[in-house]
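Engineer: The following block contains the structure, expressed as structure tokens.
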Amino acid sequence: DLGCDTSNVTYSGKVASIISSYCTSCHNASSLSGGFALETYDQVKAKADNGSLYGSISGNANYATMPPGGSLSDCDIASIRIWIENGAANN
């Protein structure tokens, strides 16, 4: 995908906006879908570290596929995977 730049994926530059766009409408302090929120870096990092963030967005059968009724773009999935592989830094 020529429109997908994954050369310098950062939390603040890309990952936070993906999470905000697709996840926090359900995973927030008010509704706590699945029993957790994804509104802060620490909350997202915990799910990145335990494998559930990537597992759920990549269609891994061990996790509920997220977001419900759809999926992230291949570029967004790749961006999150690269961010996690690079240590899921708060950058």
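Engineer: Is there any pair linking a residue in the range 25-39 that is farther than 15 Å from residue 56 by Cβ to one that is among the aliphatic types (A, V, I, L, M), with Cβ under 9 Å and at least six apart or on different chains, and which?
Structural biologist: Qualifying pairs under 9 Å: 28/37; 28/38; 29/37; 30/37; 31/37; 39/19; 39/29.
Engineer: So which residues in the range 1-43 are within 18 Å of residue 77 (Cα to Cα), of a type in the set (A, V, I, L, M, F, W, C) and touching a helix residue (DSSP H, G or I) at 6+ places or on another chain (Cβ under 9 Å)?
Structural biologist: Answer for the range 1-43, where residues must be within 18 Å of residue 77 (Cα to Cα), of a type in the set (A, V, I, L, M, F, W, C) and touching a helix residue (DSSP H, G or I) at 6+ places or on another chain (Cβ under 9 Å): 4, 9, 15, 16, 18, 19, 23, 38.
Engineer: Continuing with the same structure: Under the condition of being outside any helix (DSSP H, G or I) and modelled with pLDDT under 95, which residue from the range 27-43 is most open to solvent (accessible area, probe 1.4 Å)?
Structural biologist: Per the stated criteria, the residue is 32.
Engineer: May I pose another question? Filter the range 43-91 down to residues that are of a type in the set (Phe, Trp, Tyr) and closer than 19 Å to residue 27 by Cα, then give me how many there are.
Structural biologist: Count: 2.
Engineer: Among what's in the range 44-77 and is open to solvent by 70 Å² or more (accessible area, probe 1.4 Å) and in a helix (DSSP H, G or I), pick the residue that is modelled with the lowest pLDDT.
Structural biologist: 74
Engineer: Here is a list of conditions, (1) of a type in the set (Phe, Trp, Tyr); (2) buried (at least 18 other Cβ atoms within 10 Å of the Cβ); (3) in contact with a Ser or Thr (Cβ under 7 Å, 6 or more places away or on another chain), and residue 83 meets all of them except one; can you say which number that is?
Structural biologist: Failing condition for residue 83: (3).
The values are calculated or read from the model by the stated rules, or taken from the named source; none is laboratory data. Here the structure is a predicted model, which means the values were calculated and not measured. Note that each Cβ is placed from the backbone with ideal geometry, even for glycine, and that neighbours are counted across all protein chains shown. Keep in mind that these areas ignore ligands, DNA and RNA; they rest on the heavy atoms of the full protein, side chains included. Shrake-Rupley method; radii C 1.70, N 1.55, O 1.52, S 1.80 Å.
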